1. With a sphere of radius 15 Å drawn around the Cβ of residue 49, what net charge do the other residues whose Cβ falls strictly inside it have (Lys, Arg +1; Asp, Glu -1)?
2. For the range 4-56, what is the charge dipole size about the Cα centre, in debye to the nearest 20, if Lys and Arg each add +1 at the Cβ and Asp and Glu each add -1 at the Cβ?
3. Counting only residues 5 or more places away or on other chains, whose amide H sits under 5 Å from the amide H of residue 13 once H atoms are built in the peptide plane?
4. Work out how much length residue 49 to residue 37 would gain on full extension: take 0.36 nm times their residue separation and subtract the Cα-Cα distance, in nm to one decimal.
5. Could you give me the ³J(HN,Hα) list for the range 32-49, computed from phi with Karplus coefficients 6.51, -1.76, 1.60 and θ = phi - 60°, whole Hz, x at Gly and Pro?
Amino acid sequence: MFFSVVDSRGQTIPANIQAQSQAERIKELERENRELKQANDIIKKATGLEAQTQLDRKPPK
């Protein structure tokens, strides 16, 4: 049995291609999510180091 899907532009796309496209999009979003989590971790660490540096400084006399 062959199924098709009509996209937002009204074009008919075979269901197997649609599913493949969705799987690729999911992989892309998962990769982007990992990269953003890594960037957030780096920012958190950098912010923590900056805060610690500020606490370790002696006030000027």
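Bear in mind these aren't lab numbers, they're just calculated from the coordinates by the rules spelled out. The structure presented is a predicted model; accordingly, all values stated were derived computationally and were not measured. Glycine gets a Cβ as well: all are built from the backbone with ideal geometry, and neighbour counts include every protein chain shown.
1. 0
2. Roughly 160 debye, rounded to the nearest 20.
3. The list, which skips near neighbours in sequence, is 5, 6, 7.
4. 2.5 nm
5. Whole-Hz 3J(HN,Hα) from phi for the range 32-49: 4, 4, 4, 4, 5, 5, 5, 4, 4, 4, 4, 5, 4, 5, 5, 5, x, 5.
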